[in-house]
Every structure is written in C-alpha cells, then in structure tokens.
Amino acid sequence: MQEKVLLRYRDLSVDLKMIDNYIESGGYSTARRVFSEIAPEKVIEMVKESNLRGRGGAGFPTGLKWTFLAKNTGKPNYLLCNADESEPGTFKDRAIIENDPHQLLEGMMISAHAIGCTNAYIYIRGEFAYGAEVLKRAIAEACEKGFLGNDVFGLGRELNIHVHRGAGAYICGEETGLIESLEGKRAHPRIKPPFPAVYGVFGCPTIVNNVETLACVKHIVERGPAWFKAIGPETGPGPKLYGVSGHVRNPGVFELPMGTSLREIIEVHAGGMREGRQLKAVIPGGSSVPILRADEIDIAMDFDSVAKAGSMLGSAGIIVMDDSTDMVAALRRVSHFYHHESCGQCTPCREGTGWLEKIVTALDEGRGTEEDLRKLDNVAKGMLGTTICVLSDAAAMPVRSFLDKFGEEFRAAVRRSAGAAAA
Amino acid sequence: MRPLRRDASLETNPMSQQTTTNKATDSGPVVFRPEALAEYHEILTHYPESRAALGTVLWLAQREFGWISPAVEQYISELMGLPRAWVEGVVSFYSMYHRRPVGRSHIQVCTNLSCYLRGAEDIYGAVSKRLDIEAGETTADGKFSLERVECLGSCGTAPMLQLNDQFHENLTVEQVLDLLGKLERGEKL
Ligand SMILES: Cc1cc2nc3c(=O)[nH]c(=O)nc-3n(C[C@H](O)[C@H](O)[C@H](O)COP(=O)(O)O)c2cc1C
Ligand code: SF4
Ligand code: FES
C-alpha cells in the first residue's frame, strides 16, 4: 500500500488532533526549521519548483500566485485559508480539518512565513461547527506551546491564526466573496482586477489558498520539491485527495497519486458499482464541471488530462451515477443549487440560474416542450464568460454537458410530456 | 492571543461600552449577559476593523437569543455602531442566521445531488411525515423544525442530515425514525 501523506492519520494509531501526538510523530519540526533557518524567498522558490497547483478548483500554480503579492505597500499581508468547502460532491478538506488540524496549521505557518504574514484566517463554512472547534482547540494548543502568538518558537516573531466561521452561502468559497464576507459584508464577489494579491482583505495584499493546498506546502518543504514532483504528472504533481460519492459500494476520500485513472478510483478504491448496476455517468470535479459518460472514464485524474477530456478536475469531488439515475431529475438538483446560491449581482447569472431551474423543473415534472430544450441551451450559452465571478459558468456548464451527453433523455422527457398532454 | 493593532477610526462607537437598549422579545431582554459581552470584546480582538467581527457576533447573538429578531438586529447595530440596514443586509444574506424562531431540534436534510443519489428524498419524506411538517415549518409545540439544505460536505457519508450543530451521516429511514423518537422522548442521543 502506498504511504499516505495528507491522510496520514489513517495509518497511525494515535489521535493527531492532540498536539503532543502530532509533535511526537515529527510534527512542527518543519515549521520550526523554516522559521529559524529558511528565508521566505527560498520557501517560495521551493513551492514554485514543486509545481504545486491549487487544490481549491482552478489549479492555479501556488508559487506563482505568491509572487504576485504587491511589495512595499506599507500594509500587512494576509493569508486566508479557504475552508468553505461547499461545492456539491466535495468533502476532502473536512477530512484534514477534523482529523489532522495541526497539519493544516503547520502548512499555514510555513506559507505565512513565505509571504510575510503575521495574521492569518481560516474561513470555515458555518456548517462545519465541529471542524471549527477542532481548529480552535488546535490553535489554542499551538499558542500554548509557543508555536503561534507573538514569540513564535522563541524567535521573537509574530503569527496569529484566527478561525472565522461562515454562515451558509456557497459564494463565500469564491475568493473575493470570501474576502467580502470576512470583512463583515454580504459575500458579493469583487470585479477583478485588482486581484487579492494586490488589494485583498482590509485593502491589503492577500493570498487565498485551499486547505489541501496549504497542507501540501508543509510536505513540499519537509520532503523537498523533487519528492513532490515525482508523484504524478510533472506539470501538476503531488498526492491528491479524491472524494467519491454517489452510486459506488465504498464512497469516501482517497489519497492517491495525482493522475490516478478515474476508472481505477471508481472500480478499485471506491469498490465499483452496487450489486447488479452499471455505470452511467460521472461528474469528476464537483457539481459545476461537465459530466462524463461511462465510456469516458479511462482518463488520468490530473488538471491537464481532465481538461483535455472536456471536463475539469475542479475540486476532485467525483460523483458517480449508475443506470438507475434519471438524468433530468439529477440536473434539476444541480440547477436548483446554483439558482439558490447566485449572489444576484449580475443579471445573466441571477436571471439565468432562475431560468435554468425553471425549465429543468418543467422537464422533470412532465411539462417540458421542444421550445424549452432550445431555450435551455440558449440561456446556458448566454451565461458563459459574462459575469463578475464564474458561478454563472458553473451553473451553465453542467446544463450544456448534460444536454450534450444525455440529450436523448431530455428529448424523451419532452415526448412523454407531449404524450401526456395529448391523452 | 495577542490583539491585533486596531484602527482607531474604525473603532465601535461609545454604544459598545454601555448597553442602553432593553427591548424585550419572547426570550427576554435583548442585551448580552456579562459573559456574552466579554466574549464579544474578545471577538473584536481577532479583527483589525470591528465591522469584520459582525458575522461572528451574529453567531454569538444567535446562541444567546435563539434567533436574530428585529430587536436583536437593532441591538447589534447599536452595539457595533453599524447602520441597522447593514446588519439586516448581512443577516438576510446568509442562510444559517435564523430570522424567525426555529424548533429546539432544527433538522436540515441535505437533498443535493450526492445525497439525492443515495436516498435523501426518503429521509426527507420520513421526517416530514413523522413530524407532519414541510420544509420551512416548525411543529406547533415548537419542538421541531425542518429544512431542505444544500450540500453539507458529507457526500461520502450520504444521505445525511444536520440536527442543530450535529451531523448525522450514513442514514437509513429506520435510523432517522429512531433518532426522532429519541428526540421526542427527550432521550440522550
Ligand atoms: C463559486 C465558487 C466557489 C468556490 N468554492 C471554493 C471552496 O469552497 N473552496 C476552495 O478552496 N475554493 C473554492 N473556490 C475557488 C477559490 O475562488 C480560489 O480559487 C481558491 O480558494 C484558491 O485556492 P488554491 O489556489 O489553493 O486552489 C470557489 C470558486 C468559485 C468561483
Ligand atoms: S456570477 Fe453570479 S454569483 Fe458571481 S458575482 Fe455574478 S451574480 Fe454573483
Ligand atoms: S450532497 Fe449531501 S452532503 Fe454533499
């Protein structure tokens, strides 16, 4: 069995939530070494060298993002950990937060050192009440040990990490929505540029990174960029958390090398289909990415390969559907979600998500027409690339791909409606 | 934790030092107990501007008063020196702040895709039937309220529901009925 790094807690018999256990198993030694011996630029260099790409969805190179930070502004720099984890089908960050919180804190400490930050926040979705408590206790323990606070490792350096609990809004996961929310506002995403690295939270240079990304930073610095790069494709390597949900025998989070085949993840790690069922469709990266048919799963699950196959790795939340699935009903759930979560700032998104839900609901309830199918595609097309953030695209992409890959089921729904109307 | 340096121009107004409001709701006068007020001041130390504490202060208020009534909004706006409309705008934006009282057992069933694929509608239906309420409603005795919610990040342990702050995962209909029975009888979970 391959060694687990991000999910090390599963291989150990001790509770890594307790700081003494974490330290005993080697924890915080890398952060200590970084604070006392490694220059910030050197840490950034290592992260760049590792080719780490962000695990929050977009796959942006982490080291490169860090170099965009505005310099000599006279303002403090902020590090924000995105623990909003709300993309339907995604539940990987929670595994780290609830089981190995110090791993995240150590990754944040190293990252904060790299970008010159003295106050960092973990923005955690409101529903993760337990996770928030785990993190708060972990922070309190780290403060008590003198690893955090105003004299980090006795070196006279300052670093505080604060937990900020959201209150239920998917759009807080979008980094500028998150920033607005952290400032005590409605989470309305900002027009970019300026990007957060220049004008972020409280008007200061800000880096937003995902939980898993920050955890990876710890291991990159600990084991070296070459180690990281050797795992999976060089252009976006590393250990990766894949969350598998839906119609499989053994759903859950699996840590595997980046680029593991989707077929292997589903059939081997997640135990394959339930008794007597056949695979029908897979959404490979959270509900906003284009869906794949059963004959399209022989792909490597890394950023570039999934993009080449016409979808996206996204959050690597793999949603598996078997032949019992009604695709119209499934899309209805997805469209309802995006309508519910649109923040309402942009007309194409606010109106478009409403139309999508309305039409898909009509189709699902047997009231759909040919005209509806055309309208569905048109509305979705009009929502792409026209708005402040990409939630609009995230709502439109599933619709277009469901129609493209499973159009026959939507046409059948229309025929059934027509038949029912005639009878 | 050492307080951040605070920007004096953004400090809360003097209202934050003395609470003069004393409006009553069903749950008593809307003013933080001394313990809650101490927590409030501790919360402010986590942010460079007091307004950023609003979300966290609203959580505290919800814990203290049960829900965010108009009187609570008014109190928070005076306490923090923020316009009332600002506070209301934030409260209404986020789905977890209750703008009306909820049941003592607030049940939120996830009906998003991964849960749907694993029988979320059966779970929702069982709760709804047993309690005889639909999503958005509270039982007449105020014991239970029911909601459909979006993905709660537990898709790998679907179907699931959230009972107040607690996740209940990998559910079957029998388990849900058993859970409701325990709640009805006031038994420990
Ligand atoms: C609508 C929307 C929701 C998002 N939700 C999340 C989320 O829950 N968690 C997350 O880490 N990133 C989320 N993102 C991506 C963030 O905007 C941002 O790219 C990410 O946190 C950057 O971290 P990374 O570079 O480490 O991936 C979301 C983006 C959009 C447009
Ligand atoms: S695209 Fe939608 S969610 Fe994003 S800012 Fe515009 S209205 Fe809000
Ligand atoms: S879909 Fe229900 S928890 Fe994710």
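The values are calculated or read from the model by the stated rules, or taken from the named source; none is laboratory data. Keep in mind it's a predicted model, so treat the numbers as computed, not measured. Counting neighbours? That spans all protein chains shown, and the Cβs are built from the backbone with ideal geometry, glycine included.
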Quick one: is residue A:139 among the β-branched types (Val, Ile, Thr), surrounded by 19 or more Cβ atoms within 10 Å (Cβ to Cβ) and touching an Asp or Glu at 6+ places or on another chain (Cβ under 8 Å)? no
Based on this model, can you work out whether residue A:123 counts as touching a His at 6+ places or on another chain (Cβ under 6 Å) and either surrounded by fewer than 24 Cβ atoms within 10 Å (Cβ to Cβ) or within 14 Å of chain B (Cβ to nearest Cβ) (or both)? yes
Within region A:153-182, of all residues that are in contact with a Lys or Arg (Cβ under 7 Å, 6 or more places away or on another chain) and in a loop (DSSP other than H, G, I, E, B), the one surrounded by the most Cβ atoms within 10 Å (Cβ to Cβ) is A:166
Here are A:324, A:287, A:335: which of them is touching a strand residue (DSSP E or B) at 6+ places or on another chain (Cβ under 9 Å) and either surrounded by 22 or more Cβ atoms within 10 Å (Cβ to Cβ) or part of a helix (DSSP H, G or I) (or both)? A:287
Residue that is modelled with pLDDT of 95 or more and farther than 18 Å from residue A:167 by Cβ, where the choices are B:65, B:32, B:93: B:32
Scan (1) within 12 Å of ligand 2 (Cβ to nearest atom); (2) crowded, with 16+ Cβ neighbours inside 10 Å; (3) over 22 Å from residue A:284 (Cα atoms) for the single condition residue A:395 breaks and write down its number. (3)
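If you scan region B:131-146, which residues turn out to be surrounded by fewer than 17 Cβ atoms within 10 Å (Cβ to Cβ) and either in contact (Cβ under 8 Å) with a residue 24 or more places away in the chain or aliphatic (A, V, I, L, M) (or both)?
B:135, B:139, B:140, B:142, B:143 - these are the residues of region B:131-146 that are surrounded by fewer than 17 Cβ atoms within 10 Å (Cβ to Cβ) and either in contact (Cβ under 8 Å) with a residue 24 or more places away in the chain or aliphatic (A, V, I, L, M) (or both).
Let's see how each residue does on (1) closer than 29 Å to residue A:337 by Cα; (2) touching a residue at least 60 places away in the same chain (Cβ under 8 Å); (3) in a helix (DSSP H, G or I):
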site: A:80; (1), (2), (3): yes, yes, no
site: A:86; (1), (2), (3): yes, yes, no
site: A:103; (1), (2), (3): no, yes, yes
site: A:107; (1), (2), (3): no, yes, yes
site: A:142; (1), (2), (3): no, yes, yes
site: A:150; (1), (2), (3): no, no, no
Selected residue (criterion: farthest from residue A:72 (Cα to Cα)) from residues of region A:182-227 that are away from ligand 1 (no atom under 15 Å from the Cβ) and small (Gly, Ala, Ser): A:226
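Residue by residue, here is whether (1) within 25 Å of the chain's Cα centre (by Cα); (2) buried (at least 17 other Cβ atoms within 10 Å of the Cβ) holds:
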| position | (1), (2) |
| --- | --- |
| A:346 | yes, yes |
| A:362 | no, yes |
| A:368 | no, yes |
| A:382 | no, no |
| A:389 | yes, yes |
Do we find that residue B:150 is within 16 Å of ligand 1 (Cβ to nearest atom), within 14 Å of another protein chain (Cβ to nearest Cβ) and of a type outside the set (S, T, N, Q) in this structure? yes
